[in-house]
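Single-structure report; data block below.
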Amino acid sequence: MSPLPSGTNGVMSPQASIQYNHRVVLAGNSARILCVADIRGDYHELNRLIREHEATAVIHTGDFGFLNADSLDRMGDKILRHLLQYSPLIPPITRSQLLSIPPQAGRAALLQQLNSSSIHFPLSQFPHLLSGAITFPVPVFTVWGLIEDVRIVEKFRTGEYEVNNLTVIDEASSALIETAGIKLRLFGLGGAVAMHKLFDNGEGYATIAGGQGTMWTTALQLGELLDTAQRNYDATETRMLVTSAPVTRTGLLSLLTLGVKADLTTSGGLHFRYPASLNDFAVSGDFDTYRRKLISARDGFLGVYDVVKDRVDSVLNEQQQVLLKRVMGMVQRIPTTDDNSWTNTWHWVLSDALCGHLLLSITDGRVSAEIRSAGLNFAHRANQGSAPPSAPIPSLPPQLAQSVRPPTMAEKAGVPPKPMASPLAPKAMPPKPMAGAAGAKPIAGLLKKGDGPAPGSAATANALPAGPPVTRGTRGGPGLGPVSPTVDTKSEKTLTAGKDGAPKSAKTTPSTTPASLPKDKDVKKTGSNEEKGEMDGSETPRTGTHTPKRFSLYLKGLPIPTSEAEIKAFFNAEAEKITAVKLVFDQLKRQKNFAYVDFANENDLQDVLKAHSSGSIRDSPITVEISNPPVRGVTERGGRGRRRAGRGGSSSSKDAPKGDATPRGDA
């Protein structure tokens, strides 16, 4: 362990510690906290996510981008190349040019090419954040990551650096967020956790450790965080531990979670493609396995300390000895009985910001979570893309990078992107017809008018994966956009195929083509298709045949959020007659206050309605009615009625379609 500078005691004085306890009050009956990891200096992207989700606060972990031009002089060559590989601010072409410079060419050649690539510092927008050119519209709470400049982090600790709406939480500080019936206390721990560096401060002062562009955790950091947590204990608060290293994968951090009595943890996933939500039971399975993980971490810590004990004890002052004793007590405090704390503590492990994020919604003290991910691209399996992407994601070409980027607002609204010819995509092969569907012609995909090439063209074929194709509708018209091969957890669409399992042919199903309907024929719409469009935001192509009648109840006044299990519990014993529960969400995946409950037949529906015409869920009065879909029609030109009524209520005369349209009933 490196000796501390003269006059430094390794802990903050009481006067200095006060300024690091931040309290933020968020007004309103609800709050939306965006949790994101590894923004890596791309603060414009962070602000875009804030606007997109209407976030009221941000919790960040991982690499925040605490770098400037002077940081390069203190950075090792390996770390510099790592930054070039992963930085979201470097264009792919520039990245390829930089990484093509061999190490034998020397550091000077690499830095010269890097500095000439941009008039601004190319690896982080931190200089603009510090100068005020970039600002955060809401409070942002962050720890430092694994690749940061220790000198910049220390200037936040001393107060030399200060950014509006930015709070750096560390072992000497905590933050309190009061909102929507909850007091959320944040504790933070930055840097990597490596046993062999627990007693090495590197180039850092006090308890902050780092050097050559990297940051890591020390034993004194752990001790001071335990001290901060004890000084700020309040039984009315909910505690969250924010770390750069994954908690569930690091036994020492699991011991720290118990030591600070954390209810929740948020950490970086180190290039995860999907955020993870779990407790220790999900990975340990039983209490004995969980204890063995803690015991292994204890033995590893004590083993390192035994090796360096003489050197460490000779340089620690009295206050540092107190911090070390706190850590020794933490690692030796292994639980012997199962008090369920290990299963009740919930962990979120975040993916890189480029891949996804987590959104916490807080209402009346209840914390709900939405996980967003751009997902993985499996197009290569259908011979429609290149090999599966591997980290780093920013190094992908733009054509493939679009498949893993967060969707834009236009995509959320259901507007299909214009197809682009990709020079990297291999030549599309026509899909083989399925067995039992001889003679069926595959559908390449349908496009809205003006959005791209006609069905069956080469550009359209390249936009679709090979194999039995399917069609899907989008709200706003009969036209369809190309089906994206990306697995996206944010949006799910309904796919339609023929009755025999084979895809419908555009030649035999004219109602699914962009062409207008015949002017001398009326087409009746069925209730089930309308209800389907209401539920998932899509419009299923309609034919002239009726679908079976659906027997549904409409529930209104649900508290948000409400689960399917709560709705079934509302009906008590009658829940056995339920065939499906449909919760309704808007385009931003926010739950609405109504839902639909389906039954197999009319008798079951009437029996349940008689027994449960009203009631409450979590003290919210619930209205129960028979679902009454609106009257809709199709005009001569194939257009839809412009006005619509809610599915739970009745349609007035002004809502009915006019002109040559055939109204439909509930059947």
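The values are calculated or read from the model by the stated rules, or taken from the named source; none is laboratory data. Note that this is a predicted model, so its numbers are computed, not measured. Here the Cβ is made from the backbone with ideal geometry for all residues, glycine too, and neighbour counts use every protein chain on show.
Miscellaneous remarks
- Any chance Leu80 is within 17 Å of Gln113 (Cβ to Cβ), touching a residue at least 40 places away in the same chain (Cβ under 8 Å) and outside any loop (DSSP other than H, G, I, E, B): yes
- In the stretch 262-283, residue farthest from the chain's Cα centre (by Cα) [restricted to those that are surrounded by fewer than 19 Cβ atoms within 10 Å (Cβ to Cβ) and polar (S, T, N, Q)]: Asn279
- Residue in the stretch 131-144 that is in a helix (DSSP H, G or I) and within 24 Å of the chain's Cα centre (by Cα) present: no
- Candidate set: the stretch 233-252, residues that are crowded, with 23+ Cβ neighbours inside 10 Å and hydrophobic (A, V, I, L, M, F, W, C); chosen: the one nearest to Thr218 (Cα to Cα): Leu252
- The one condition from (1) crowded, with 19+ Cβ neighbours inside 10 Å; (2) among the small types (Gly, Ala, Ser); (3) in contact with a Pro (Cβ under 7 Å, 6 or more places away or on another chain); (4) at pLDDT 90 or above that Gly259 does not meet is (3).
- Flag for Gly181 being assigned by TED's automatic domain parsing to the domain that holds Ala69 and within 23 Å of the chain's Cα centre (by Cα): no
- If you go through the stretch 317-355 and keep only what is in a helix (DSSP H, G or I), of a type in the set (A, V, I, L, M, F, W, C) and more than 30 Å from Tyr205 (Cβ to Cβ), you end up with just Trp342.
- Candidates are the residues of the stretch 248-275 that are among the small types (Gly, Ala, Ser) and not in a strand (DSSP E or B); the one that is nearest to Trp144 (Cα to Cα) is Gly269.
- Candidate set from the stretch 105-127 (those that are under 30 Å from Thr142 (Cα atoms), of a type in the set (A, V, I, L, M) and modelled with pLDDT of 90 or more); member that is surrounded by the most Cβ atoms within 10 Å (Cβ to Cβ): Leu123
- Restricting the stretch 92-104 to residues that are surrounded by 14 or more Cβ atoms within 10 Å (Cβ to Cβ) and within 22 Å of His44 (Cα to Cα) leaves a set whose member that is farthest from the chain's Cα centre (by Cα) is Thr94.
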